[in-house]
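Structure first, then comments.
The values are calculated or read from the model by the stated rules, or taken from the named source; none is laboratory data. Predicted, not measured: the structure shown is a model, and the values here were computed from it. With ideal geometry, Cβ positions are generated from the backbone for all residues, glycine too; neighbour counts draw on all protein chains shown. Side chains included, ligands, DNA and RNA excluded: accessible areas come from the protein's heavy atoms. Shrake-Rupley method; radii C 1.70, N 1.55, O 1.52, S 1.80 Å.
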Amino acid sequence: MMPAMHFVLMGLATWRLASLAVKEDGPWDLLCRLRHLIGVRYDEHSRAYGLNVVASGLTCVWCASVWVGGLLTVAYLAWPVATWLACLPLALSAAACWLEGAIDGNR
């Protein structure tokens with residue numbers, strides 16, 4: 001059974017990774033370039049759409065979080081300590097993003 005702290009950390013890390021994959025540019029626009037390479041395109045209203053199944057999964061944080069959560073679960077089952085330790089910085093980043101959004105209201 002997964003301890004509650006691990007569950008919370010991995011949940012926050014899942015949201016952070018899904019948000020990064022779907023919405024953010026990343027340094028040197030690497031995430032934008034990766035999404036384009038995979039097949040994510042934008043219409044004239046800046047709405048994302050996918051040219052294939054994988055790209056379609058990268059157009060919505062809710063969709064991407066299912067896949068990210070699944071991958072983190074598999075990693076946790078194989079390497080529990082290493083996985084939740086790797087999730088810690090992502091969880092802290094997620095908490096900081098949420099706090100910034102609550103305080104500033106821009107996100």
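Below is a table of values for the structure above.
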| quantity | calculated |
| --- | --- |
| Number of positions in the range 69-82 that are β-branched (V, I, T) and within 13 Å of V8 (Cα to Cα) | 1 |
| Members of the range 20-55 that are open to solvent by less than 40 Å² (accessible area, probe 1.4 Å) and under 27 Å from L77 (Cβ atoms) | A21, V22 |
| Residue that is modelled with the highest pLDDT, among those in the range 96-107 that are out of contact with any Lys or Arg (no Cβ under 7 Å at 6 or more places or on another chain) and either in a helix (DSSP H, G or I) or open to solvent by 90 Å² or more (accessible area, probe 1.4 Å) (or both) | A96 |
| Filter pass, L58 being open to solvent by less than 100 Å² (accessible area, probe 1.4 Å), in contact with a strand residue (DSSP E or B) (Cβ under 6 Å, 6 or more places away or on another chain) and within 30 Å of P80 (Cβ to Cβ) | yes |
| Neighbours by Cβ (under 7 Å, 6+ apart or cross-chain): first from the range 54-79, without any contact (Cβ under 8 Å) to a residue 12 or more places away in the chain; second open to solvent by 100 Å² or more (accessible area, probe 1.4 Å) and in a helix (DSSP H, G or I) | G57/W67 |
| Where a residue in the range 1-28 is farther than 11 Å from S65 by Cα and touching a residue at least 12 places away in the same chain (Cβ under 8 Å) and its partner, wherever it lies, is basic (K, R) and surrounded by 14 or more Cβ atoms within 10 Å (Cβ to Cβ), with Cβ under 8 Å and at least six apart | none |
| Condition check for L17: open to solvent by less than 50 Å² (accessible area, probe 1.4 Å), assigned to a helix (DSSP H, G or I), under 23 Å from Y76 (Cα atoms) and not β-branched (V, I, T) | no |
| Boolean, W67 is out of contact with any Ser or Thr (no Cβ under 6 Å at 6 or more places or on another chain) and surrounded by 12 or more Cβ atoms within 10 Å (Cβ to Cβ) | yes |
| Residue that is among the aliphatic types (A, V, I, L, M) and over 18 Å from the mean Cα position of the chain (by Cα), where the choices are A102, A96, A64, A55 | A102 |
